[in-house]
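*Asks:* Please see the structure below; I have some questions.
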Amino acid sequence: MTSPAPLIPVPRVTVIVVAAGSGQRLGAPAPKAFVGIDEHTILRHALRGVFAGPPAQVVVVAPRERAGDALTDAREAAHQAGPGRADLVTVVAGGTTRQESVSAGLAAVWPDVRFVLVHDAARALTPPEVFARVITALESGHDAVLPVLPVIDTIKRVADDAVIEAVDRASLAAAQTPQGFARAVLDAAYAEASTDHTDDAALVQAAGVAVATVAGDDRSFKITTPADLERARLLVAAAGADAATVSARVSPDPLPAPPVLPRVGMGTDVHAFGGEGALWLAGLEWPGEPALHGHSDGDAVAHAIVDAVLAAAGLGDIGTHFGTDQPEYAGAHAAAFLARTRDLVTSAGFAIGNVSVQVQANRPRFAARRGEAEAVLTAALGAPVTVSATTTDGLGFTGAGEGIAAFAVALVVPAV
């Protein structure tokens, strides 16, 4: 008999993780928070620091079209942190500005929460000690708390490419996140806000609230440019190397580090006949054949491929990213599913090697269109896809002609 998972007390703190920005200056093919640092995204790394800090409700604010990806990252980070932590996770869609996104996050904060921290996912390597310092300062009676670093560089005021004067850096500090607030103070400031501010501390200060400071951390830099992303990747790689070195020192018989290997995933999908319109299967329309029933076009072959590729990359499953709560995929065909899957895997730092998929069905007959199907699926996924088909000799629901099943195996490799 297994023991029940320990109950997590209802936290009095919420951390809103803002991950809704486009990240244009990063020049990446995906929104910034979903770009890979290593095998994990910027958001996943940010959430690791959040969950390593004091227990809190975690509200992730993501672009509407990436809410499923954000939920996958959040749940995986929560499960890694411990039993029951996934119950503390909420994902909401962001707005067109940072203030709109934070406001959306505030609407999801639980009623009993006393303090709210607002954290930029782009500060992905912020250590848990910073979260703890902010919360401690709030608990000591401050209404607003800002982590800062002293300004080290000499600062000049310039105009038209000419230096006007030096600026005394002794009174300057670089603001970071998480920025912490008494929940009532932040709610009131947002309710009264009439203009946009660069961060939440500025918004609260404009409402007349004093902002206290605590020490920030050099690792809490904001990933904005390709150079910042490279810096983050080097720091993560170095941290991994240091951990391996420590492990080797304490182990009586240290093992060599495992090589980076390809990863394999499996996917299965089943749909019954009985849908409306034409049959869509393996990315092709099959005139004269009965349609499959499903949220999209019921293409069991395409859906099995999606599941296999996502599983290989550790990105959840088709329900996470293409669920029935996402109306944009109602009636969508294979090309939309596979192109989106390719983008997800690429953003996570992987390249798709190949996919093999088998169809089990009495109809339609694949032999004449196998090459056509493989070409369509390969073009949409950006990687070789092979298709085979078989019957089940009259056995099971496929043998009885009630539906179609598809089974796929995918291989992905870490991108160089």
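The values are calculated or read from the model by the stated rules, or taken from the named source; none is laboratory data. Just so it is clear, the model here is predicted, and its values are computed rather than measured. Because the Cβ atoms are built from the backbone with ideal geometry, glycine has one as well, and the counts that use them run over all protein chains shown.
*Asks:* Among the residues of region 283-337, write down those that are among the aliphatic types (A, V, I, L, M) and farther than 30 Å from residue 261 by Cα.
*Replies:* Residues satisfying the conditions are 284, 291, 292, 330, 332.
*Asks:* State yes or no: is residue 87 in the same structural domain as residue 191 (by TED's automatic domain parsing), part of a loop (DSSP other than H, G, I, E, B), charged (D, E, K, R) and modelled with pLDDT under 95?
*Replies:* Criteria not met by residue 87.
*Asks:* Taking the stated definitions as given, is residue 84 crowded, with 18+ Cβ neighbours inside 10 Å and over 12 Å from the mean Cα position of the chain (by Cα)?
*Replies:* Here the answer is no, as residue 84 does not meet what is asked.
*Asks:* Exactly one condition in (1) part of a loop (DSSP other than H, G, I, E, B); (2) in contact with a helix residue (DSSP H, G or I) (Cβ under 7 Å, 6 or more places away or on another chain) is false for residue 187; which is it?
*Replies:* (1)
So that you can scan it fast, the table gives a plain yes or no per residue for (1) among the aliphatic types (A, V, I, L, M); (2) crowded, with 19+ Cβ neighbours inside 10 Å; (3) within 28 Å of residue 196 (Cβ to Cβ):
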| site | (1), (2), (3) |
| --- | --- |
| 30 | yes, yes, yes |
| 34 | no, yes, yes |
| 37 | yes, yes, no |
| 43 | yes, yes, yes |
| 47 | yes, yes, yes |
| 65 | no, no, yes |
| 92 | yes, yes, yes |
| 107 | yes, no, yes |
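*Asks:* Can I ask one more? Taking the stated definitions as given, is residue 39 more than 14 Å from the chain's Cα centre (by Cα) and acidic (Asp, Glu)?
*Replies:* Criteria not met by residue 39.
*Asks:* Here is a follow-up. Test residue 342 against the stated conditions and say whether it is of a type in the set (D, E, K, R) and touching a residue at least 40 places away in the same chain (Cβ under 8 Å).
*Replies:* Considered against the rule, which asks whether it is of a type in the set (D, E, K, R) and touching a residue at least 40 places away in the same chain (Cβ under 8 Å), residue 342 comes out as yes.
*Asks:* Right, here's the next one. Quick check, is residue 297 among the acidic types (Asp, Glu), part of a loop (DSSP other than H, G, I, E, B), out of contact with any Gly (no Cβ under 8 Å at 6 or more places or on another chain) and at pLDDT below 90?
*Replies:* Considered against the rule, which asks whether it is among the acidic types (Asp, Glu), part of a loop (DSSP other than H, G, I, E, B), out of contact with any Gly (no Cβ under 8 Å at 6 or more places or on another chain) and at pLDDT below 90, residue 297 comes out as no.
*Asks:* Here is a further query. Quick check: anything in region 260-272 in contact with a Ser or Thr (Cβ under 9 Å, 6 or more places away or on another chain), among the charged types (D, E, K, R) and modelled with pLDDT of 90 or more?
*Replies:* Within region 260-272, none of the residues are in contact with a Ser or Thr (Cβ under 9 Å, 6 or more places away or on another chain), among the charged types (D, E, K, R) and modelled with pLDDT of 90 or more.
*Asks:* Can you list the helices (runs of 4 or more DSSP H) found entirely within region 301-405 that contain at least 3 residues being surrounded by 15 or more Cβ atoms within 10 Å (Cβ to Cβ) and either within 23 Å of the chain's Cα centre (by Cα) or in the same structural domain as residue 31 (by TED's automatic domain parsing) (or both)?
*Replies:* Qualifying helices (runs of 4 or more DSSP H): 318-321, 334-347.
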